[in-house]
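Please treat every number below as a calculation from the coordinates, not as lab data. Keep in mind the model is a prediction, meaning the values are calculated, not measured. Here the Cβ positions follow ideal geometry from the backbone for every residue, glycine too, while neighbour counts run over all protein chains shown.
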Amino acid sequence: MKNQPCANSGQCGRENPDSGVNTQRRRMMNIVATSLVAPLPFASSEALAQPVTTLLVEADAEADFKPIRPADLAVAKPLLVFPFDPKTGTPKNESRLSKIVLVRLPEDQMTPETRARSASGVVAYSSICTHQGCDVKTWMSKESVLACYCHASKFNLFDGAKVVSGPASSPLPAIPLTLAGEFLALAAPPVKPGE
Ligand code: FES
């Protein structure tokens with residue numbers, strides 16, 4: 001089938017809907033959607049017994065949308081994810097502004113407030129820097145902080161992503177997590193800094 005010109009500016013820049021990548025992606029989406037009727041190969045019946053909720057999938061995944069478990073994350077290795085709707089088998093929003101950064105950390109080093117928003121040691125924050133909107137995704141192991149590569153703001157994820165050093169002046173919005181069976185899921189809307 002011939003490529004069609006991009007008539008819808010909202011779709012411009014996206015992959016050709018007839019490309020192999022997209023075909024593979026649609027195939028995987030069908031697998032996930034179908035699997036909500038038949039058991040998912042990667043989901044326990046316990047998870048499927050939960051009411052439909054918002055899970056999380058790797059933001060860079062091309063096709064294979066696998067909901068993320070806490071054990072999938074190595075300690076102190078940030079992962080960018082999108083909210084994922086298991087009912088449709090697709091991310092709820094693939095805009096970069098909806099990206100979330102997950103990091104698994106020792107729970108005993110978190111403040112009580114941060115621990116209450118975490119699930120199995122995993123904390124989640126908006127990955128959009130509160131300075132000028134770059135992705136915040138670099139873990140600085142010496143300082144145990146998450147850093148923005150644009151202007152080097154640093155955030156303390158053990159304590160509500162408070163700013164350790166600027167130029168950012170506000171924390172990253174916190175995303176409360178819970179478990180849906182074995183998978184990480186959103187527990188509540190993002191918590192704006194200061195709430
Ligand atoms: S955009 Fe992150 S420090 Fe400037």
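Structure above, values below:
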read-out: Given (1) buried (at least 17 other Cβ atoms within 10 Å of the Cβ); (2) within 22 Å of Arg69 (Cα to Cα), index of the condition Asn156 fails; value: (2)
read-out: Residues located in segment 120-150, provided they are under 14 Å from Leu172 (Cβ atoms), of a type in the set (Gly, Ala, Ser) and within 16 Å of the chain's Cα centre (by Cα); value: Ala124, Ser126, Ser127
read-out: Members of segment 104-119 found to be over 16 Å from Ala174 (Cβ atoms) and under 20 Å from the mean Cα position of the chain (by Cα), listed by number; value: Pro106
read-out: Strands (runs of 3 or more DSSP E) within segment 71-180 that include 1 or more residues within 16 Å of the ligand (Cβ to nearest atom), in contact with a strand residue (DSSP E or B) (Cβ under 8 Å, 6 or more places away or on another chain) and of a type in the set (Gly, Ala, Ser); value: 122-126, 145-148, 162-165
